[in-house]
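Submitted below is the structure of interest, expressed as structure tokens.
The values are calculated or read from the model by the stated rules, or taken from the named source; none is laboratory data. From a predicted model like this one, the values you see are computed outputs, not experimental measurements. All Cβ positions, glycine included, derive from the backbone under ideal geometry; neighbour counts span all protein chains shown.
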Amino acid sequence: MIGLGVTGVAGYARPAPRDPAREQSARAGVLGVGDQSAHSPGVAGFGEIGVIGSGSLCGVHGRGETGVRGETLFSEGVYGVARATGAGVVGESKDGPGVLASSRTDAGLRAQSVTDVGGVFSSGNGAQIELTPLLADDPDVTVRLPAAGRLGQLAALSDDGSTCRLYLCVQAPENAPAHWAEIQLGPPVEGGPQ
């Protein structure tokens, strides 16, 4: 089937009504419209590869409350691959975080490289890295270091919410609490305009 016109082919999932104005404004080869009340998708793709998008500027452009959403059980929800020097995934935001990563039981974010550093952090005016200190549940109790730790982990602790100290995990024996060494820093220096 070949469709010609401002929008070549338009398909609607029942009971979504036809919208000629949307067909004119979309100017797409194929327009698929789902029904919000039935939570039906506008376009559904199935197979080893459900949907392939190819374009000179962008292969797939998603726009909505969530622009693009990927779901899976045991693999990657979204997988980005750059064949040369480009970035596999880019996150950009005007006023929010560029990338938000979280996990219930594993690391919230993992980054690695075969030959270079695992991560590079930069900021135009602020600190490059921020560690949110662990706080005691009771303000009258001194916060304790984590019992579980891996070699190389850093832990920032604060007893009063206004000062903190920094520790490095130096021993991580099996079936025993981790050992931490406090990182000795120089005297505090006030920040501000030069």
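Has segment 79-87 got any residue that is under 26 Å from residue 50 (Cα atoms), loosely packed, with under 10 Cβ neighbours inside 10 Å and touching a Gly at 6+ places or on another chain (Cβ under 7 Å)?
Our first condition is that a residue be under 26 Å from residue 50 (Cα atoms); within segment 79-87, this holds for 79-84, 86-87.
In the following step, the residues that additionally are loosely packed, with under 10 Cβ neighbours inside 10 Å were identified as 81, 83-84, 86-87.
If we keep only those that are touching a Gly at 6+ places or on another chain (Cβ under 7 Å) as well, we get 81.
Scanning segment 79-87, I find at least one residue that is under 26 Å from residue 50 (Cα atoms), loosely packed, with under 10 Cβ neighbours inside 10 Å and touching a Gly at 6+ places or on another chain (Cβ under 7 Å), so the answer is yes.
In this structure, does residue 60 turn out to be at pLDDT below 80, under 29 Å from residue 99 (Cα atoms) and among the hydrophobic types (A, V, I, L, M, F, W, C)?
Yes: the conditions hold for residue 60.
With the requirement that a residue be surrounded by fewer than 10 Cβ atoms within 10 Å (Cβ to Cβ) and of a type in the set (Val, Ile, Thr), what does segment 130-157 give you?
132, 141, 142
Exactly one condition in (1) surrounded by 10 or more Cβ atoms within 10 Å (Cβ to Cβ); (2) more than 30 Å from residue 74 (Cα to Cα); (3) aliphatic (A, V, I, L, M) is false for residue 127; which is it?
Every listed condition holds for residue 127 apart from (1).
Filter segment 95-124 for residues that are more than 15 Å from residue 153 (Cβ to Cβ) and among the hydrophobic types (A, V, I, L, M, F, W, C); which is surrounded by the fewest Cβ atoms within 10 Å (Cβ to Cβ)?
Restricting to residues being more than 15 Å from residue 153 (Cβ to Cβ) and among the hydrophobic types (A, V, I, L, M, F, W, C), the top hit is 114.
This table checks each residue for (1) among the aromatic types (Phe, Trp, Tyr); (2) modelled with pLDDT of 80 or more; (3) on the phi > 0 side of the Ramachandran plot; (4) touching a Leu at 6+ places or on another chain (Cβ under 9 Å).
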site: 4; (1), (2), (3), (4): no, no, no, no
site: 17; (1), (2), (3), (4): no, yes, no, no
site: 22; (1), (2), (3), (4): no, yes, no, yes
site: 25; (1), (2), (3), (4): no, yes, no, no
site: 32; (1), (2), (3), (4): no, yes, no, no
site: 37; (1), (2), (3), (4): no, no, no, no
site: 41; (1), (2), (3), (4): no, yes, no, no
site: 52; (1), (2), (3), (4): no, yes, no, no
site: 65; (1), (2), (3), (4): no, no, no, no
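Counting residues that are small (Gly, Ala, Ser), over 30 Å from residue 66 (Cα atoms) and modelled with pLDDT of 95 or more, which strands (runs of 3 or more DSSP E) fully inside segment 81-194 reach at least 2?
154-158
Before we move on, is residue 147 farther than 30 Å from residue 60 by Cβ and out of contact with any Phe, Trp or Tyr (no Cβ under 8 Å at 6 or more places or on another chain)?
Numbers: farther than 30 Å from residue 60 by Cβ: yes; out of contact with any Phe, Trp or Tyr (no Cβ under 8 Å at 6 or more places or on another chain): yes.
When the stated conditions are applied, residue 147 passes them.
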